[in-house]
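Taking it in order: structure first as structure tokens, then the write-up.
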Amino acid sequence: MDATLACVTDRGAGLDWHRIGGDLDAHGCAAVRALLSAEECAGLAATYADDARFRSRVVMARHGFGRGEYKYFDHPLPGLIVDLRTALYPPLARIANDWNPAMGIAVRYPDALADFLARCHRAGQQQPTPLLLTYGEGDYNCLHQDVYGEHVFPLQLTILLSRPGADFSGGEFVLTEQRPRMQSRVEVVPLGHGDGVIFPVRHRPVRGARGTYRVNLRHGVSRVHSGQRYTAGVIFHDAR
């Protein structure tokens, strides 16, 4: 086994998945502290300047998505991204397979990422979705969902690659949750350098007085007050 994969696999296995599952059930998100080292963060952020590593670039203001920009990686994906997807998918799939029956959704997810990606590819979803995002002063990301096609893995991960308070200020990760016949609930997740946050792509089950119901979620980034903020987005389904 590759040494990097072994390291990331060990890191994934060493996470407190009971706590992560509980936080996802209770709050709709789960922070993962120090998921990447400072060196890994710097290495990923540095790839943003190399256009050959990416399949497309999106300037958010041109599409009404906010301000800032992002790029989708092309194949071959960076080894660290491949390793993160491979290591984190199985425990997340177990959570997803608990959630879907509670929401009345028949879809189940296989144990291995390769099998799920094969399902995406058979449906024509063959474009990689992991991405890097960058925000400067005044930039922000409007609330949205990362769906990309028929086959959607219901959980995803964002990792902060910059140092809050040193590289940038502001720019908090924001999650909103719309419950039936109720006003939206907002969750702000402060992240440190190398921290990640796991959250739903579009919905999750919530237990209420009359049973379990489905709530809709969107995520975004508040306005960056100063500096430059880089993040990595790790999405487990591929795109059309």
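The values are calculated or read from the model by the stated rules, or taken from the named source; none is laboratory data. These figures come from a predicted structure and were not determined experimentally. Methodologically, a virtual Cβ is constructed for each residue, glycine included, from the backbone with ideal geometry; neighbour enumeration extends over all protein chains shown. Ligands, DNA and RNA are stripped out before the accessible areas are found, and what is left, the full protein with its side chains, is counted by its heavy atoms. Shrake-Rupley method; radii C 1.70, N 1.55, O 1.52, S 1.80 Å.
What's the number of the only condition in (1) closer than 30 Å to Leu117 by Cα; (2) free of Cβ contacts under 8 Å to residues at least 12 places away in the same chain that Ser184 fails to meet?
(1)
Find the residue count for the stretch 174-202, including only residues that are over 22 Å from Leu132 (Cα atoms) and crowded, with 20+ Cβ neighbours inside 10 Å.
Final tally of qualifying residues: 1.
Take Tyr140 and decide whether it is touching a strand residue (DSSP E or B) at 6+ places or on another chain (Cβ under 8 Å), at pLDDT 95 or above and among the hydroxyl-bearing types (Ser, Thr, Tyr).
yes
Of all residues in the stretch 149-173, which are within 18 Å of Gly43 (Cβ to Cβ) and crowded, with 21+ Cβ neighbours inside 10 Å?
Residues satisfying the conditions are Leu157, Thr158, Ile159, Leu160, Leu161, Ser162.
Return the only residue of Gly124, Gly192, Gly170 being more than 17 Å from the chain's Cα centre (by Cα), under 23 Å from Arg33 (Cβ atoms) and small (Gly, Ala, Ser). Explain how you work it out, then say what you get.
Working: Gly124 fails: under 23 Å from Arg33 (Cβ atoms); Gly192 fails: more than 17 Å from the chain's Cα centre (by Cα).
Result of the check over Gly124, Gly192, Gly170: Gly170.
Filter the stretch 120-148 down to residues that are out of contact with any Gly (no Cβ under 7 Å at 6 or more places or on another chain), assigned to a strand (DSSP E or B) and open to solvent by 50 Å² or more (accessible area, probe 1.4 Å), then give me how many there are.
1
Which residues, counting only those in the stretch 3-25, are modelled with pLDDT of 95 or more and either in contact with a helix residue (DSSP H, G or I) (Cβ under 8 Å, 6 or more places away or on another chain) or not basic (Lys, Arg) (or both)?
Within the stretch 3-25, Leu15, Asp16, Trp17, His18, Ile20, Gly21, Gly22, Asp23, Leu24, Asp25 meet the criteria.
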